[in-house]
Every structure is written in structure tokens, then in C-alpha cells.
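Below is one structure, written out as C-alpha cells; comments come after it.
No lab work stands behind these numbers, since they all come straight from the coordinates. The model shown is predicted, which means the values in this text are computed figures rather than measured ones. Cβ placement follows ideal geometry from the backbone for every residue including glycine, while neighbour counts extend to all protein chains displayed.
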Amino acid sequence: MSNIHKAFENGKAFIPFITCGDPDINTTLETVRAAVEAGADLIELGIPFSDPTAEGPVIQAANLRALKGGVTTDKIFSMVEDLRRDIKIPMVFMTYANVIFSYGTEKFISRAHEIGIDGLIIPDLPFEEKEEFLPACHKYGVDLISMIAPTSENRIAMIAREAEGFLYIVSSLGVTGTRSEIKTDLAKIIEAVRKNSKIPCAIGFGISTPEQAKKMAAISDGAIVGSAIIKILAKYGTQAPRYVGEYVKAMKEAVR
């Protein structure tokens, strides 16, 4: 078992998503540290990919900026090693199956464990195909985090029963991005999860304001925010860490 459970031990968790290498590795380092200082409970680190199918335009653009800037998986591994000198909270990678396959599944997951990564989120991995990665994840103690979407319906119980780390509840149909309102009946999805699993669940996709975060955390164990943070990075570039810290502080207070 990884350290992910620690993120949920002190009440509701706030989980920021950050695309590694946008605009550069040093800014990512500073942004993660600012987010942790501001009260983040778990950090989701995106490894850029040229065709991130689950992402909306904001995170797609961040992926392209990072790749154009020369970020590589090895540079991200080195960055996490640096972070682990002082960052104790759980950290997970979010990336696509192709990134892991091209690096070598066993090599990728063993290295992720070595540098202190607690879990792996692979949005384009169907639940039914998780055996591609599960043996290596279990071998090295890295949780393979499952996602439950509004379309999961009859599969919720099955996914929840086999979940590890935490369950990522996708709030809305479509890709990532800020939304003015979230209309999915999430309470019903979470009720089905609770009947089948004791694993914490956090809601992501579309959350951008403290009000939304508070609402989502009230029915789950935490809120995940990506696009709103990436917008701050796009706006302020290398000056962004301070502003991300302020944003995370306000969001953490809202979920608390």
C-alpha cells in the first residue's frame, strides 16, 4: 500500500494538478513547493503527451508548451527526486499509456517507485485493460488509480471494489476544463462507490472556484483542480508559483 491514504487523513483533501515542464522544470518545482506550503494534500503531476485525449484546450496547450520547451520523462523523474528531498505528501503521475509503453512499462514503474511516486493515473486506460500495468504496479508498490465517469453506470461497483489509492470521480462528460456548473448526479455515483469500497474518492474535471470545490468536497473526500491552475501558469509564466500558492490556499480553506 502506498502513502496515498495520508492525503485523506486530516479531513477533505485538496489535490492540485500541474503539467510538468510548463513553462519549464524549475517553475514546476517552485509551483509544487508553493502548492504544498499553501496546504495541498496530494500533488498530481502531469507528464506531457502530444495527444492528451482527456484534456481540454487549456491543458492541451500546457502539454505542447512543455514539450516544445524540451521536457522529457527522465527530466521529470529527476525533478521528482529533487522534490522528494523536502516534500513528504503523496504525489502521483497522470499520463497516457503510450508514454509508459514507449519508456518501457517495468522500467517506468520501477523508476517511479524509486523516486517516491505513490500512484499512477492513466486516463486512456480502460478498466478492463488495466492488467497491462497492474502486475508492475503491484510489484513496485505504486497504486494504479481508477477513474469513474458519469458513463460508468453499471461498472461503478466493479471498479470501486478493485480500486486502490483513491478513486478519481470524473464530474462531467467531455474533457478537462473549467465549467460554470456541474450538473452530474455525483451524489448517486458516490453512494454506489461507498457501498462497494472504503477507498477515498475525490472529484475532478470542471472545478475552478472555491464554491465548487466546497460543494464537491461536501459529497466526496476531496476536490481535484487542474485547468484553473494551468491558466495561472499560462498567465504568469515563471512568476506563477506565488499566484498558484494563493489560489491553492483559498481552495484548501474552501474544502476544509
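Miscellaneous remarks
- Among the trypsin sites (Lys or Arg not before Pro) in region 11-85, those placed in a DSSP loop whose Cβ has at most 16 other Cβ atoms within 10 Å are 84, 85.
- Percentage, to the nearest whole number, of Cα pairs in region 92-222 over 23 Å apart: 34 percent
- Span from the region 1-52 Cα centroid across to the region 103-178 one, whole angstrom: 16 Å
- Summarised in one figure, the compactness ratio Rg/Rh of the chain, Cα atoms and Kirkwood Rh, is 0.92.
- Pairs of Cα atoms nearer than 8 Å and 6+ residues apart set the relative contact order; for the chain it is 26 percent.
- Annotation: the residues 138, 113, sorted from fewest to most other C-beta atoms within 10 Å of their own C-beta, follow the order 138, 113.
- Entries in 6/139; 139/231; 68/130 that, when Cα-Cα distance is taken, lie over 32 Å: 139/231
- Local electrostatic count, residue 25, Cβ distance below 14 Å [Lys/Arg +1, Asp/Glu -1]: -2
- All other residues whose Cβ lies under 14 angstrom from that of residue 49 are scored, Lys and Arg at +1 and Asp and Glu at -1, for a net of -2.
- Close amide H partners of residue 149, meaning residues 5 or more places away or on another chain with modelled amide H under 5 Å apart, are 170.
- Total charge dipole magnitude, region 4-255, about the Cα centre, Cβ charges on Lys, Arg, Asp, Glu only, Debye to nearest 20: 540 debye
- Amide hydrogen neighbours beyond the local backbone of residue 222, cut-off 5 Å, H modeled: 13, 203
- Region 2-41 - Rg over Rh from alpha carbon coordinates, Kirkwood radius: 1.05
- Backbone amide hydrogens, once placed in the peptide plane, bring residue 94 within less than 5 Å of 45, 46, 47, 121, excluding anything fewer than 5 places away on its chain.
- Extension gain, residue 110 to residue 68, is 12.4 nm, computed as 0.36 nm per intervening residue step minus the present C-alpha separation.
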